[in-house]
Amino acid sequence: MEEPKFALQMTDITKRFPGVLANDRISLDCKKGEVLGLLGENGAGKTTLMNVLYGMHQPDSGKILINEKEVEITSPSKAIELGIGMVHQHFKLVETLTVLENIVLGIPSNKVFLDLEPIRRRLLELCQEYELYVDPDAEVWKLPVGQQQWVEILKALYRNAQVLVLDEPTAVLTPSESDQLCRAIRRLTSEGRSIIFISHKLREVVEITDRVTIIRDGKLVGTIPTSEATQAKLAHMMVGRPVSIDRRSRPALQQKKPVLVMKDVNALDERGIQALKNFNLTVHAGEIVGVAGVDGNGQKELAECISGLKKPVSGTISVNDTLITDVVADPKFIGFIPEDRQKTGLVMDFSVAENLIIKEYDKEPYAEKRLLNLQNIKEHAQDMIKKYGIKTPTDTVKVSTLSGGNQQKVIIARELDSEPILDIACHPTRGLDMGAVAGVHDVLMKERERGAAVLFVSAELQEILALSDRIIVLFRGEIMGEVDGDTADAFTIGQLMLGQALEEKT
Amino acid sequence: MSYDIIFSWLQATLRWSAPLLLVAVGEIFSERSGIINMGIEGIMLCGALCGIAASFYSQNILVAVLATIALGAIMGLAVAYLTVSRRTNQVVTGLMVNMLATGATNLLFAMMSETRSTRVGTFPIIFPQAMQKIPVLGEIFFCQPISTWIAFILPFIAAVVLYKTKWGLNVRAVGDHPQAVATAGLSVIKIKYQAVICSGIFAALGGCVLTLGEVGYFASGGMTGGRGFIVMAAVVVGGWDPLRTAIACIIFGAADAAQLRLQGMGSVIPYQFLQMLPYLITVVALTGMVKSSHVPKTWGAAYDPDSH
C-alpha cells in the first residue's frame, strides 16, 4: 500500500458556540514532514479549530482525516491515541510536580505504582535527540519558562505525536531559545512528523513554515505556499486591510525638557535579589524611550518603582521635579499601562464603565457626597468607548468578555485620557494581534506628539525599533547600553541584551 | 503517682488521635483533588451513630465497619455529586451536610432508645493480657484497640499512595491543574469523585472509631464536637501531607486528652476554658504554619470542563 501523503486533513469544520460562529467551514491540510503555519488574529478561531482537533470540542459539522482515514476525535485521549500532540499557549503543566511526573501523567499502564526509571531513560534519550534539555527531577515551577515549553514538547513526543500543534510557542522564548525550537522543528519534520505552527508573529511564520493557512473571523481566507508569502501580504490577509508596524517618520525633538529623572535608584525584586543597580535615567517630554532586554532583567521593577507600586531601597525618582511618592495617585502626572492587563490592569469581573473610573471613582463627577453618580459614570464610559473605539456591546458588560485588544483600550482610555505628563507602557502589545498592535502604536505616537514623556517597555525588538527615539537595553538591573532609535539595528541590541557591552566607538 | 497521670495521658492521646488520623487521611485526598469536603464533620457524626447501631443490631464489629464504609461512600458520593458535577459552593454544601447530619442523627438516635442504655461491642484489643501488663509500654501501647493501631499505620500508607502510585499522582495533579489532567487524556471528574468518596469513607470510619474505639456508646448532639473541623485545620497545618497532618492531629489529640485530665484534677480554671484548649492550640498552629505550606492551586474552586 502506498504511504499516505497527508498526515492531517480537516474539511469544512464548523463549530458554533452560543451566539458565536467560531469556525465557519474551515478546511486545512498538512502533509507528512511539513510545517503548516496557522495564522489569524486573536479570536479568529485558531484555538477553537485546534481544540476540535484535540477532541476538546466536537465540531457541529465537518470531517477530520488522519493519514487519509476519517476519524472521530471524541476526547483528548483519543487524539493522543491518533498521534496528535498539542502544546497549548497556556501550558498544561502541573507546576508542583516534577518534569518526570508531568510526562508520566495520563500514560496508560497496568501498574499501580509509578515506575519512573524507564520513563526517565526514554525522556533523556528524547532530550538528546532533539537538543531540548531539561532536568527530569526538577519541579516544573522552578524551570524557566522556555524549558517548560520543552517539557510540553517532550510530553507530546513521549506519546509519539505524529502531528504536533504548537500554539504561539515563541511568545515566551528568548531569541536563542527560538532558534533552538526551530532546530527541533527541523529535526521533527525530517523524521516525517508534521507541525502545525500557530502564531501571529509574521517573521517567524515566514521563516519556519512551508505553507500558511490564514483564517479571519472564523472563516478561511486562504492557504498559500510560504515561498510566495511576504510579511506584508500575510498581514493584509490576516487583518483584511493593509497594516504596518514599521518605523514612522517623526518630527525631531524641539527642546529637551526632562520629565522623568531617576537618580541612583536601587531596588529589590520579590525574592529580595537586587533588580535595579544604581539606576540613572532621564526621559524628556515628547520622546519615546524604548526599554529593551530579556524579560526579568529589571524591567518589571523599573516600571513598579516609577508607578509607585514598589519602593526603591535607595535613590530618588522625580517627575517634573516632584518626587513620585507625592504624585503617584495623581492621574495628571503618570499614566501606567501595566504588564499584565488581566491581573493588575483591570478588575476582570467589573464592567467596562467601572473599570474606566477605577482611578477616580471617589472624586467628582463620579462620586458626590460618598455616593456614586451612576449617570456621570455611564456618560463618561460612553464617551470613552466612542473616543477610543472600544468594541463592546454596552458599557455594562464585564470587561472579561472583551478581546485582549479592547481590554487594552479600556486601560489606555483610563490611563491616558487625563493627558499625563509621563506614560509608562509595559508590554502594551503583549498577546495582541497585528491590528491591535498597530492601534497601540498609534496611541503612543500621538502621546509623543502631545508632548508626553513615554517609557516603552517591550520584549519585541521589532516594536522597540519601530517606536523609540532612544533605546536603552537592560541587563541584570543595569543599562547595558543606549542607542539612538533612528540608527539602531537589531543585531547591536541583541548583543546588548545578552550582556555584551558595546565596543568603544572611535 | 504523677507518672501514672502522664502514662494515662499518653494512652489517651493515642486513643483520641485515632479518629482524627482516619478522617484526616481521607480529607487530604479530597483537598488535594481540589475539593474541600467540609461535610466530614457531619459524615463523622453519621459514621459514629452507624457504627453503634450496626454493632448493636448485628452484634458483629465487622458488619458495623462495613456498614459504616457503605454509609461513608454514599455520603461522599452525594458531596461529590453536588460539588463536582453541580459545582455548588463547597462551604455551603459542607454546612448543609453537617446540619442535616446533626438533625438526622439526633432523630434516629432518639428512635433507637434501646441502644442508649446498652454498651455495644467495641474494637478488640489484639495483644495478649501478658503484653498489656508490661509496665509503661503495655499501658500506653498494647492495651490500645486494633483501630488505634490501624489509624497510626494509615498515614504512612496514605503517603505511599499519594506519592508513589499513579492514582496519587493523578489526585495531586487534579488539584493543581485540572486542565493539564484533562489534556493528558484523563477524566478530571472521575478522579475528583474518587477522592471525595474516599474522604467520605474515612470520615465515617473516623466517627465509627470515635464510638466503637472504646466507649461503646453514642451521645446525642455534639458527639464529634467539631473534630471534623479540627481535622480540616490539621490538614492545612500539615500542608496537605499525610505525615505532617498526622503530627498535627496527634498534637490536637494530646491537647484534648490533657484537658480532660486537667478537668478531672479539679483545677481552679473553669472546665469550659480547658475545653477550649485544643481548639486554641489549633488556631495558634494555623496562624504560625499556614504560610509555609503549599496550597493546592484550585483548592475549593469549581472545575468547569469547558474552560481551557
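Highest-first packing order for the peptide set B:28-40, A:204-216 is B:28-40, A:204-216, based on the mean count of other beta carbon atoms within 10 Å. Taking one quarter of the surface of the convex hull spanned by the alpha-carbon atoms of chain B gives a direction-averaged projected area of 17.0 nm². Tally up the carbon and sulfur contribution to the accessible surface of the protein assembly as shown as a whole percent, 1.4 Å probe, everything protein left in place. Taking all protein chains in place, the protein assembly as shown shows 58 percent carbon and sulfur surface.
Each Lys or Arg adds one and each Asp or Glu takes one away; over the other residues whose Cβ falls under 13 Å from the Cβ of A:I472, this sums to -4. Inter-chain Cβ neighbour count for B:169-178, averaged per residue, equals 5 (cutoff 10 Å, partner chain atoms only). Based on the Stokes-Einstein relation at 20 °C and a viscosity of 1.002 mPa s, and on the Kirkwood radius from alpha carbon pairs, the stretch B:93-160 is assigned a translational diffusion coefficient of 138 µm²/s. In degrees from 0 to 90, rounded to the nearest 10, what is the angle of the helix B:242-264 Cα long axis to the longest principal axis of chain B? Around 30 degrees separate the two axes. What is the sum of charges, Lys and Arg at +1 and Asp and Glu at -1, for the other residues whose Cβ falls under 9 Å from the Cβ of A:V457? Result for the neighbourhood of A:V457: 0. Peptide A:89-98 is shielded by partner chain Cβ atoms: per residue, an average of 5 of them sit within 10 Å of its Cβ. Sorted on the mean count of surrounding Cβ atoms within 10 Å across their residues, most packed first, peptides A:124-134, A:404-414, A:5-15 read A:404-414, A:5-15, A:124-134. For the stretch A:1-86, the spread of Cα coordinates along the three principal axes comes to 46, 25, 21 Å, biggest extent given first. Taking the C-alpha atoms only, the angle from helix B:90-111 to the longest principal axis of chain B is near 40 degrees.
Using a 1.4 Å probe over protein heavy atoms, the accessible area lost on pairing A with B, summed over both chains, comes to approximately 2000 Å².
Here the stretch B:136-216 is assigned +1 on the Cβ of each Lys and Arg and -1 on the Cβ of each Asp and Glu. Its dipole about the Cα centre then comes out at about 460 debye. Dividing the convex hull volume of the alpha-carbon atoms in the stretch B:15-89 by its residue count gives 89 Å³ per residue. Each Lys or Arg adds one and each Asp or Glu takes one away; over the other residues whose Cβ falls under 14 Å from the Cβ of A:I26, this sums to +2. Where a ≥ b ≥ c are the square roots of the eigenvalues of the C-alpha gyration tensor, would you call the stretch A:145-302 rounded, which needs a/c under 1.5, or, failing that, prolate if a/b is larger than b/c, or oblate? Verdict is oblate for the stretch A:145-302.
With contributions of -39500 (n - 2.57) from each DSSP H run of at least four residues, the per-residue ellipticity at 222 nm computed over chain B stands at -23000 deg cm²/dmol. Across the alpha-carbon set of the protein assembly as shown, the Rg to Rh ratio works out to 1.05, Rh being the Kirkwood radius.
In this structure, the residue pairs whose Cα-Cα separation is over 25 Å, taken from A:K310/A:K332; A:K398/A:K446; A:K343/B:K190, are A:K398/A:K446; A:K343/B:K190. Once the Cα atoms are used to define both axes, helix B:61-80 deviates from the longest principal axis of chain B by about 30 degrees.
Treating each Cα of the stretch B:202-308 as an identical point scatterer and ignoring solvent, apply the Debye formula and state log10 I(q)/I(0) at q = 0.10, 0.12, 0.24 Å⁻¹. For the requested q values the scattering log ratios are -0.38, -0.53, -1.35. Peptides A:339-345, A:33-39 ranked from most to least packed, by the mean per-residue count of other Cβ atoms within 10 Å: A:33-39, A:339-345. DSSP finds beta bridges in chain A, and of those with both partners inside it, around 55 percent are antiparallel. Prolate is the label for the stretch A:26-154. Its Cα gyration tensor axes, ordered a ≥ b ≥ c, give a/c of at least 1.5 and a/b above b/c. The C-alpha radius of gyration of the stretch B:57-128, expressed as a fraction of 2.2 N^0.38 Å, stands at 1.46. Peptide B:153-164 has a mean shielding of 1, counted as Cβ atoms of other protein chains within 10 Å of each residue's Cβ.
The values are calculated or read from the model by the stated rules, or taken from the named source; none is laboratory data. The structure displayed is predicted, hence computed values, not measured ones. Neighbour counts are summed over all protein chains in view; Cβ atoms, including those assigned to glycine, are modelled from backbone coordinates with ideal geometry. Accessible surface areas use protein heavy atoms only, side chains included; no ligands, DNA or RNA. Shrake-Rupley method; radii C 1.70, N 1.55, O 1.52, S 1.80 Å.
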